[in-house]
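What follows is a short report on a single structure.
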Amino acid sequence: RRTTMATRRARATTRQPRAKDAAADAADARRGKGAASTREPRRAELRAEKAARWPMCMAIAIEKTTVVRGVVVACAALALATTRAARASTPERDASECQCLSIHDPRFVCAPRAHAGALPTETARRVLEQAIKRGDAHGWERTRLRHAYLDETYEVKVSDLPETTRNEVRSAYEKYFIPLAREQCMVDDHFKFEDEEFFVVKYDAKGDFKSTATHVDGKHLSFVASLNNVTEYSGGGNNFEGMSFSVPHGGVHKLDDHVVPAQPIGSVVVHGSQLEHSSFDVTSGQRYVLVVEAHVNKSCCFDFTTFMNKFVTRLLIVIFAVIAVMGGVVDYMQKSIQKARNGGVAHEKVW
């Protein structure tokens, strides 16, 4: 009996701490549950605020760029309208009238021929006088940009001369030079001479450049007009070589050191630009020539650079237009969402 009572007392003493611990655990659990129940709404609120923060900032940023977006849309519309207007104003040409000619066409190695008196003497003298004035005032250029590998001539661009001189040169070119080239090199009447370059070249016996080395020009047809008389200098003249084309020879033939001597004032030498040619040294005095280089039907040929410029321009216009439209859509959506969250009241923009 004593043992039983002792055992019961021991069991009672061990149960009391356990009961207290259980009560404490229950209280802690109740407190934790309450704390958890108060923390969950706050967490949900923070998550919602975080989720809505970046679209709100985006909407505010887009709102700030409304003017820029409007300008982009206006520019895109103006560019598209201009492109359509230019296309509508350009008459469509028949394929037979607009034929692209290869740089290797035999007509562009047509054999040289001198045409006496093709350029009026008075015109030649006036052009030379203005070219010398320009050269003395601003210097003669020493580099021919058309041929990057050449640095062998003094020149003055006709585009730098007075307007009356430019018009006179253009008139003589269209009236005298082009008909000669059409007949000599068999260029049809419906083919157009385009992208011409005019410049006056000086060969000086006392200067650095007395002649021109063997080369080919960068276009289709070339014209060399004498601007002063052969009595004013010694030497000069041109040499042609390589495969050539001419009607008297029945087509393509080979030129071996075909020499065209220096011509009197007003004479014009017409030849294919792709024919190799050079000039002889001027041994005394100064020789002046008007050089013209021209393309034939260049606008009828595919120009990759022009194509890429147009393509990139239109692509950028489309991209800017899409960005502007998407910006407006996102702006509208963000405003609608924010207005719905605020109970129908638009949000206040706060940075």
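Just so you know, all these numbers are worked out from the coordinates, no wet-lab data involved. Computed from a predicted structure; not experimentally measured. Don't worry about glycine lacking a Cβ; one is built from the backbone with ideal geometry, like all the others, and counts go over all protein chains shown.
The mean sequence distance of close C-alpha pairs (under 8 Å, at least 6 residues apart), as a share of the length of the range 167-301, puts its relative contact order at 41 percent. On the basis of the beta-carbon distance and an R0 of 56 Å, SER234 and LYS335 show a calculated FRET efficiency of 0.05.
The residues packed around SER226, meaning those with a beta-carbon under 13 Å from its beta-carbon, carry a net charge of +2 if Lys and Arg are +1 and Asp and Glu are -1.
Set the Förster distance to 25 Å, then compute FRET efficiency between ASP281 and LYS254 from the Cβ-Cβ distance, nearest 0.05. The value I calculate is 0.50.
Between ASP105 and ILE319, the modelled labels are 3.8 nm apart [label points 7 Å from Cα along Cα→Cβ]. Stretching the chain fully between ASP136 and ARG47 yields a gain of 24.0 nm (0.36 nm per residue, less the alpha carbon separation).
Taking other residues whose beta carbon is less than 12 angstrom from the beta carbon of GLY236, and scoring Lys, Arg as +1 and Asp, Glu as -1, yields 0. Estimated from the Cβ-Cβ distance and a Förster radius of 35 angstrom, the FRET efficiency linking MET326 and GLU40 is about 0.40. Across the cross-link table entries LYS133/LYS219; LYS157/LYS310; LYS192/LYS254; LYS133/LYS202, which are compared at the Cα atoms, the separations over 19 Å belong to LYS133/LYS219; LYS157/LYS310; LYS192/LYS254.
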